[in-house]
Amino acid sequence: MPNFPTFNGSRDTRRYDGHDYSTISFVDIKRMCGDPSALEKLQAPAFIPSTYAGSLARSHEEQRQRGVFHALIADVDIGSPSLADLEAAVVSVVGDHARLIYSSSSATEAERKWRVIVPVRSGIKGTDYGQIQAAYFDALQDRGITCDYALARTGQPVFLPNVPPARRGADGLPIYYENAVRELAGLGEVPPAITLAAAETKRQLEAAQAEAEETARRKAAERRQRREHSGLLSPIEQFNADHDLSQVLLENGWEPRGHMWFASPFSQSKGASVRVFDQRAVSFTSSDVGNVGKETPNGWVTYDAWDVFVAIQHGGNEPAALRDYCERSGYNATRFAIMMQKWMRT
């Protein structure tokens, strides 16, 4: 198995000095599982399971284009599953193969958190890795394990075994730390069920992007026609022009899942089910149906910043949302001023 770029903490970068990163092997990581480091969070060791260790190795786009990945990674920070339950879920998805599991630096006995590393002998192209990881997370979610979808991003750090000083006793030993090192036959390649699910996700994303772009073109044409007639944007158009969709989602309960993916507040699983294309979201979860936006003929739901404002801030009552926004933004006063300017010119 190849070696992988490693670094210490979120601020450790080689971007500006042009040097390659130091590297680490699975053997090294296995050794760390039994003897975790004792560093503060800003110096905590991390790695990226890719063969590209050049000066831009922490760049998502560089890893997507140049990286070859040799592990399925999971970051489990919610749900507090036991080690036994987590292992059972992983084995159910990928089979009984070599794996490393260890509790994260902020884990406690009452709130268990985990990292899972499953080495994969055949490399995964960076262009495919995000969707492979997301499909892996979806499969674990089906078995009751909720993963952080941020690790579907190609440059996302994977923090290595570490128990900081504040979480160690007077004897220097961890107050809480668990790990499991399974030295079994390695996983030769990503299981077909995961690759097929990833391919289907890619197909859906391409179709969703085309649909979002067509909706955006249609709405732009409608806006042009209205502006030619009235000389100004409608309140809804003005709202969308003034608000970035991704920011509106974050402010209204959508949770980031990396690479423009979000979890809907209406979803129970909190998986990555909403994808933003420019200023329009396409949702693949049925939980959004009837709660926000409009359902498309293929069963997806699409919405923009205004749709979110209406759904969350006004319980789906668009007239109330219009009154509220016009009052807060001074839209009606602006409209009156433009009408007066037009009248004075005639």
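The values are calculated or read from the model by the stated rules, or taken from the named source; none is laboratory data. The structure displayed is predicted, hence computed values, not measured ones. Reconstructed Cβ throughout: ideal geometry from the backbone, glycine too, with neighbour counts over all protein chains shown.
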- Note on the structure: Within region 6-36, residues in contact with a helix residue (DSSP H, G or I) (Cβ under 9 Å, 6 or more places away or on another chain) and assigned to a strand (DSSP E or B) come out as T6, N8, I24
- Taking the condition among the polar types (S, T, N, Q) and under 26 Å from E178 (Cα atoms), does T13 pass? no
- Message: Take the conditions assigned by TED's automatic domain parsing to the domain that holds L72 and closer than 26 Å to R15 by Cβ and apply them to N179. Does it pass?
- Response: no
- Note on the structure: Considering region 144-189, residues that are within 26 Å of the chain's Cα centre (by Cα) and exposed (fewer than 15 other Cβ atoms within 10 Å of the Cβ), and then whichever is farthest from S105 (Cα to Cα), we arrive at E189
- Query: What number of residues within region 152-175 satisfy the criterion of being under 23 Å from A134 (Cβ atoms) and in a strand (DSSP E or B)?
  - Reply: 2
- Task: May I ask you to say which residue of S59, S55, S50 is closer than 22 Å to S104 by Cβ and in contact (Cβ under 8 Å) with a residue 12 or more places away in the chain?
- Result: S50
- Query: Is it the case that some residue within region 70-90 is polar (S, T, N, Q) and under 30 Å from R167 (Cα atoms)?
  - Reply: yes
- May I ask you to list the residues in region 271-316 that are surrounded by 15 or more Cβ atoms within 10 Å (Cβ to Cβ), in contact with a Ser or Thr (Cβ under 7 Å, 6 or more places away or on another chain) and among the basic types (K, R)? R280
- Query: Of the residues R121, R112, which single one is surrounded by fewer than 16 Cβ atoms within 10 Å (Cβ to Cβ) and over 18 Å from R257 (Cβ atoms)?
  - Reply: R121
- Query: Name the strands (runs of 3 or more DSSP E) wholly within region 229-313 that hold at least 3 residues that are over 17 Å from the mean Cα position of the chain (by Cα) and at pLDDT 90 or above?
  - Reply: 301-303
- Across region 29-80, the tally of residues that are within 17 Å of G123 (Cα to Cα) and aliphatic (A, V, I, L, M) stands at 7
